[in-house]
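Before any comments, here is the structure.
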Amino acid sequence: MSFDAGEYRVESFQPYESDEQFAAAAQALVERAAKELVDLRGRFPSPSHVQDWLTREAPRTLWNHYHLAVSAGLAGDVDQSKRSFAEVKSCPDEWPWVIELKRRSAELEKFLLSDSGFKDEVMNTVVRTRALLKLSALPENARRMG
């Protein structure tokens with residue numbers, strides 16, 4: 001989403017020259033990333049805002065279709081979510097990542113008709129992914145979507 005909703009790279013590559021130089025460059029990148037995150041949260045305060053933006057932009061990639069399916073599902077637009085998951089599942093490519101994305105789309109689609117199952121499954125995915133990446137756990141208030 002972030003690469004699609006803004007500049008692809010907001011800062012240029014920072015080569016390592018010395019510990020002191022790179023520490024300063026890394027700190028500047030951290031500060032810029034924090035600003036970008038706040039900006040994105042302001043632009044997209046809810047899944048329906050993401051859905052609206054992706055719909056206006058007309059999905060061009062498989063990932064756009066997947067993100068539209070998930071954001072629509074989180075916003076409660078089951079029909080749009082199903083259409084977008086169908087786009088993902090109909091992709092003829094057989095790259096391993098595409099096969100996995102199609103599998104995950106089919107799996108998520110099964111949860112759409114459950115009252116809170118879809119949101120719970122998406123949040124469980126976020127929690128599992130953060131743990132695998134050794135990121136801090138989400139605070140309870142960040143676990144509410146919609």
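Taking max minus min of the alpha-carbon positions on each principal axis, the chain gives extents of 54, 37, 30 Å, largest first.
Solvent-accessible area of D120, all protein chains in place: 80 Å² (probe radius 1.4 Å, heavy atoms, ligands and nucleic acids excluded).
Of the GluC sites (Glu not before Pro) found in the stretch 1-97, the ones in coil according to DSSP and having at most 10 other Cβ atoms within 10 Å of their Cβ are E7, E17, E94.
Computed from backbone phi, the HN-Hα couplings of the stretch 35-41 come to 5, 4, 4, 4, 4, 5, 5 Hz, rounded to whole numbers (Karplus: 6.51 cos²θ - 1.76 cosθ + 1.60, θ = phi - 60°; Gly and Pro given as x). When you filter the trypsin sites (Lys or Arg not before Pro) in the stretch 43-141 for DSSP loop state and at most 10 other Cβ atoms inside 10 Å of their Cβ, you are left with R60, K134. Treating each Cα of the stretch 73-137 as an identical point scatterer and summing with the Debye formula, the log10 of I(q)/I(0) at q = 0.24 Å⁻¹ comes to -1.02. With a 1.4 Å probe rolled over the protein heavy atoms of all chains, the accessible area of F44, F118 falls in the order F44, F118, largest first.
The values are calculated or read from the model by the stated rules, or taken from the named source; none is laboratory data. Predicted model only: the values in this text are computed from it and were never measured. Ideal geometry is used to build each Cβ from the backbone, glycine not excepted, and the neighbour counts take in all protein chains shown. Heads up: the accessible areas ignore ligands, DNA and RNA and are worked out on the full protein's heavy atoms, side chains in. Shrake-Rupley method; radii C 1.70, N 1.55, O 1.52, S 1.80 Å.
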